[in-house]
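Right, one structure below, let's go through it.
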Amino acid sequence: MRADPSILHVDLDAFFAAVEQRDKPSLRGKPVVVGGIGLRGVVSTASYEARRYGVRSAMSTAEARSRCPHAAYLGTRFEVYRETSQAVMAQMRALSPLVEPLSLDEAFVDLAAAGLHDLTVEDVHAIGMDLKEAIREASGGLTASVGAGTSKLIAKIASDLDKPDGIVVVPAGTEAEFLAPMQVTVIPGVGPATAQRLGLIGVRTVAELQQLSEEELVRQVGVAHGSSLHRLAVAADARAVVSDRETKSISVEDTFETDLIDRSLLAAISDRMAHRVAERLQKAQLSGRTVTVKTRMHDFTTHTRSSTLAGPTDDSRVIARVARRLLEDSDVSGGIRLLGVGVSSLADWIQDDLFTESEDVPIDLAVLPERPRERLTGYYPGQDVVHAQHGAGWVWGSGRGRVTVRFETATTPAGPVRTFAVDDPELTRLERVVAEEDSSSTGTA
């Protein structure tokens, strides 16, 4: 453990929604929900104004609309989010050469790597405030919440305690006391199932978890998980901040317009996903041993099933075969709304032909159906557009052959609204290259 709170966790507040409010003056101070806007959409980010109505990330857009019907529901603009993220990360790297991004909107910063030692709580608080102001200026007004502590665990938990736009510094030596009153779910790895198991023995807070011996925890949740919980309950976290995070998994997933129950169709989609995962592995010169299939059911319950091979592979045939077997164990009678295939336990070498069976045949992508996923076509709410006469704006709504645009930008006042025919030659979409809806995840701290 470090002798001073020299690890920062910086988390941009309601990032996607905040960027939309920044660029759309008429939405500032109002509920904004960003994500899938179709019938099968899922919320990516909700502004704090929308969260007051119970809207949360990963909630279905349909439920979000029922809770907050007056919010602005916008599609994503990942290229804009990435540009803003790069500007923010640059401010962190100006403070320290050791920055570990976790996603577009959060990162760890190691102050010790910047040569800052013997840091008092007051010193770290002042550094955090200066960083928050630098982020605000570089991002065009976005706020960030900062947590600081002697470990990554403490810093990450602290950053969530005074949102939005807060800062919490946990003094060295007070970590166990800091964690004690919190629910056990604050500890990484304690999800609903583990929390329920711990609840059966009367453990609901970290203080109660701290009273258990390692042996008792191992009996309750297994060797690896029990030992980890025993350490983390008293903040024994020695993980280093690393600037180049090793890729932990490569995966692809899709949400469907309608719940799928046809096993042959699901198997074919799984094959296509396996091929895409294999392509990404090969491009990254990686291989993996563990194949995982993720299914989200009609009632939003999510299941993951994994199988670990004897050695690593990047062969699409092997990945597809294992994924099919895992999928066969899924109950699809109620319908699957999301399917994902991933590979983890990655390596930079391949054991050639170890798993290739003679009966395997190459996957013929030409005969596989297109993925029945939600797509944004034409004009969609939030999309950037330009009109030859009125200038830059964004799509307010569209339908019945018409598109309504509000003409405003981040640097203008709230602008006027105009409606045009969809095929109006003077109205142009701002087309940008965006990443496909897959993931090359790096894990979470």
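Here are some notes:
- Note on Gln389/Ile201: beta-carbon distance plugged into 1/(1 + (r/R0)^6) with R0 of 56 Å gives a FRET efficiency of 0.20.
- Amide H contacts under 5 Å for Ala144, placed H, 5+ residues apart: Asp13, Asp165
- 222 nm mean residue ellipticity, helices alone, for the chain (DSSP H n ≥ 4; -39,500 (n - 2.57); rounded to 500): -9000 deg cm²/dmol
- Efficiency of FRET from Cβ geometry, Asp329 and Ala284, R₀ 25 Å, rounded to 0.05: 0.30
- Separation of the Phe300 and Thr120 label points, Cα + 7 Å toward Cβ, nm: 4.8 nm
- Solvent-accessible surface of the chain, averaged per residue with a 1.4 angstrom probe and all protein chains in place: 47 square angstrom.
- Accessible carbon and sulfur surface of the chain relative to its total accessible area, %, 1.4 Å: 50 percent
- Spatial separation of Cα centroids for the range 300-316 and the range 91-139, in angstrom: 37 Å
- A simple rule links phi to the HN-Hα coupling: the Karplus curve 6.51 cos²θ - 1.76 cosθ + 1.60 with θ = phi - 60°, which for the range 275-284 gives 5, 5, 4, 4, 4, 5, 4, 5, 5, 8 Hz, with x for Gly and Pro.
- Within the same chain, lysines fewer than 8 places from Lys163 are excluded, and of the rest, those with a Cα less than 30 Å from its Cα are Lys24, Lys30, Lys132, Lys152, Lys248.
- Karplus (6.51, -1.76, 1.60) ³J(HN,Hα), θ = phi - 60°, over the range 204-220, in Hz, Gly and Pro reported as x: 10, 10, 5, 4, 5, 5, 5, 7, 7, 6, 4, 4, 5, 5, 4, 5, 7
- Computed log₁₀ I(q)/I(0) - Debye formula, equal Cα scatterers, no solvent, the range 36-111, q 0.12, 0.17, 0.26 Å⁻¹: -0.46, -0.74, -1.09
The values are calculated or read from the model by the stated rules, or taken from the named source; none is laboratory data. This structure is a prediction, so every number in the text was calculated from the model and none was measured. Every residue, glycine among them, receives a Cβ derived from its backbone with ideal geometry; neighbour counts consider all protein chains shown. The accessibility values were calculated without ligands, DNA or RNA, using every heavy atom of the protein model including side chains. Shrake-Rupley method; radii C 1.70, N 1.55, O 1.52, S 1.80 Å.
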